[in-house]
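The values are calculated or read from the model by the stated rules, or taken from the named source; none is laboratory data. Not measured: the values here are computed from a predicted model. Positions of Cβ are backbone-derived with ideal geometry, glycine not excepted, and every protein chain shown enters the neighbour counts. Note: areas computed on protein heavy atoms with side chains; ligands, DNA, RNA excluded. Shrake-Rupley method; radii C 1.70, N 1.55, O 1.52, S 1.80 Å.
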Amino acid sequence: MRASESFLRRRALWGSFAGGCLLIAAASSVFVTLGIVYVLVTESMGFFAQIALLDFLTDTQWTPVFENAHFGVMTLVSATVTVAGIALAVSIPAGLALAIYLSEYARREVRETVKPCLELLEGVPTVVYGYFTLLFFTPLLQTFIPGLEGFNMLGPGMVMGIMILPYTASVSEDAMRAVPSGLREAGYALGYSRFRVAMRVVVPAAFSGITAAFILGMSRAVGETMVVAIAAGQNPNFSFNPTEGAATITAYIVQMAMGDLPHDSIAYQSVFAAGIVLFVITLTFNLIGFFLRRRFKEVY
Amino acid sequence: MVNAEMSQATLPNLTGIVDANRRTDLVMAGIGISVLIVAMSLLAAVVIDLIVGGWPRLINPDFYLNFPSRHPLQAGIVSAWVGTILVMLVTAGIAIPLGVGAGVYLEEYAARNWITDFIEINVSNLAGVPSIIYGLLALGLFIHGFGLGETILTAGLVLALLILPVIIVSTREAIRGIPLDLREAAYGLGADKWQTVRLYVLPAARSGILTGTIVGLARAIGEAAPVITIGALTFIAFLPPSPIQSSPPFINFEWLESPFTIMPIQMFNWVSRPQAEFHINAAAAGVILMLMTLAMNGIAIWLRYHLRRQIR
């Protein structure tokens, strides 16, 4: 009797110990977020003590190591937006067409073969895409576009568009497949063709999920680092012209991190100030995407 | 509008409508397939470009055994691939217990309340945080805050945090796929919650968790951005101390505090140099890096589809 009591007590003890460990593991993800916010805020505090927020947001020069330093983050944002915009311009039509094909046209066997292949595309390290963009894709584009600089925003943007394609296509396809088949059948009963069913029934019904896919894809393009650091150049340049090279936020962080910056210099702190801008942009996209995705899951 | 079309349709133009529909369907399928072909040929172009570009170095055994050098023809990747393996050991050692633990908690233990909701939103947001931001976390907190230095430990830790969401999400999916009956049978036999999870749920979800872990580690191997910010050196002409030694206690942990370089950083360094000779080295390093990540992804994909077939 006593033996089994002590067994039960020991078991309960182990059980709550294990539960506690698991809770700590789950909480660790929250600490990561807190850590990120803490680091970004504290390390850039010194920066914002010296540079007025208004100058930071409106100046159009970014020259952190010059004698007369300017910190207009819009210089970096312009390049970031341009590259991400090109990526989306490639990824939205291509991703939508691919998702419609996979969810409405392809047979199951085709889908099961295609999706793993697309996943391989996602598995290529981004530094490899950077090499490819700089030394293969850009020279290729230059034969069609004579004025294209060696470092430019067009090439990285286009490669990135294909790079995020597996992600945008598979998230939008999930959303389309979540549309109940009853809706499709109602469309067919009205004499709709597959194309009509896709465009008038499935896409509108899955709209929030599809939007989420592209917003999350946008967030990835904004945060992508190695492709732009290698192939878009590291020269801060307030420009929306895709044939020019310009440093994005991420490329600037890489460039500064490679030189050994003194811990309390303004240039070091400017890396974290740029980091905050990047974090806020991607966080906004991610949260919008999260709630849109959750909505399409709830509706059906 | 469609109804009007239909009611006025006489037989010949009805077949016309059907034919037109067939044509648009064909065109749509064609567009979908061509997008697929473009994407796949990009992948093929990347692979071929790297292999062709790096071939002279790839066939030279010295390339795998030499340290980096100022002379492109003597430079090799030994410190990079050793560094990658050691960093991955740290990453796996941290990310797997934390990620699987968090996944189990959220799926089996967590009550449906705002705290759980908050953790879930947080995990999904972390998955979308750009990897370079993790690099800033490592720079500001691990290096300047905790004083861990520019070491293998710091790199392994930051990459572990980076892939944590991947492992959490795939653990949850694997666990969610385990039928409730299994748990109820375990409870029926008198098992408590932890015994059920440890003895029945986790073993049943093992392969799904393994798949997610491999995908996560494959991602970590290819990541350069979060490690660049902590100042991974690119000119490392020595190897970290060996983790295994011939005298007791046979293992030592000095390697954790060693400076290091890893494959993607080495490749980035070579690609950013102006001399074309170094680009050959970059391509060769890229081939090896791709072999590593594609092999891991391939195993994971195969495992997943193999499993799915088994369950069916």
Cα-only Debye scattering, the stretch A:225-300: base-10 log of I(q)/I(0) at q = 0.22 Å⁻¹:
-1.00
Residue by residue through the stretch A:40-47, what is 3J(HN,Hα) from phi via Karplus (6.51 cos²θ - 1.76 cosθ + 1.60, θ = phi - 60°)? Round to whole Hz and write x for glycine and proline.
4, 6, 5, 6, 9, 4, x, 5
The stretch B:138-205: chymotrypsin sites (Phe, Trp or Tyr not before Pro) in DSSP coil with no more than 16 other Cβ atoms inside 10 Å:
B:Phe146
Running a GNM on chain B with Cα contacts under 10 Å, which residue among B:Leu182, B:Leu89, B:Leu161 ends up with the highest mean-square fluctuation?
B:Leu182
Label-zone membership for the stretch A:205-237, site A:Thr60, 7 angstrom Cα→C-beta point, backbone N under 13 Å
A:237
Considering amide H positions built from the backbone, and no H for Pro or chain starts, which residues 5 or more places from A:Phe71, or on another chain, come under 5 Å of its amide H?
A:Thr63
Globularity ratio of the stretch A:142-206, using Cα Rg and 2.2 N^0.38 Å:
1.76
Cleavage-rule hits, trypsin sites (Lys or Arg not before Pro), the stretch A:73-159, DSSP coil, Cβ neighbours within 10 Å at most 12:
A:Arg107
Specify the angular offset, from 0 to 90 degrees and rounded to the nearest 10, of the alpha carbon long axis of helix B:114-128 from the longest principal axis of the alpha carbons in chain B.
70
If amide hydrogens are placed 1.01 Å from N in the peptide plane, which non-local residues have theirs closer than 5 Å to the one on B:Ser258?
B:Ile152, B:Leu153
Quick one: net charge of B:Pro241's neighbours, Cβ under 12 Å, K/R +1, D/E -1?
-2
What do you reckon, how do B:Ile133, A:Ile215, B:Ile299, B:Ile96 stack up by accessible area (1.4 Å probe), largest on top?
B:Ile299, B:Ile96, A:Ile215, B:Ile133
For the stretch A:74-299: span of alpha carbons on each principal axis (Å, largest first):
68, 40, 28
Semi-axes, largest first, in whole Å: what does sqrt of 5 times each Cα gyration tensor eigenvalue give for chain B?
43, 34, 18
Compactness index (Cα Rg / 2.2 N^0.38 Å), the protein assembly as shown:
1.04
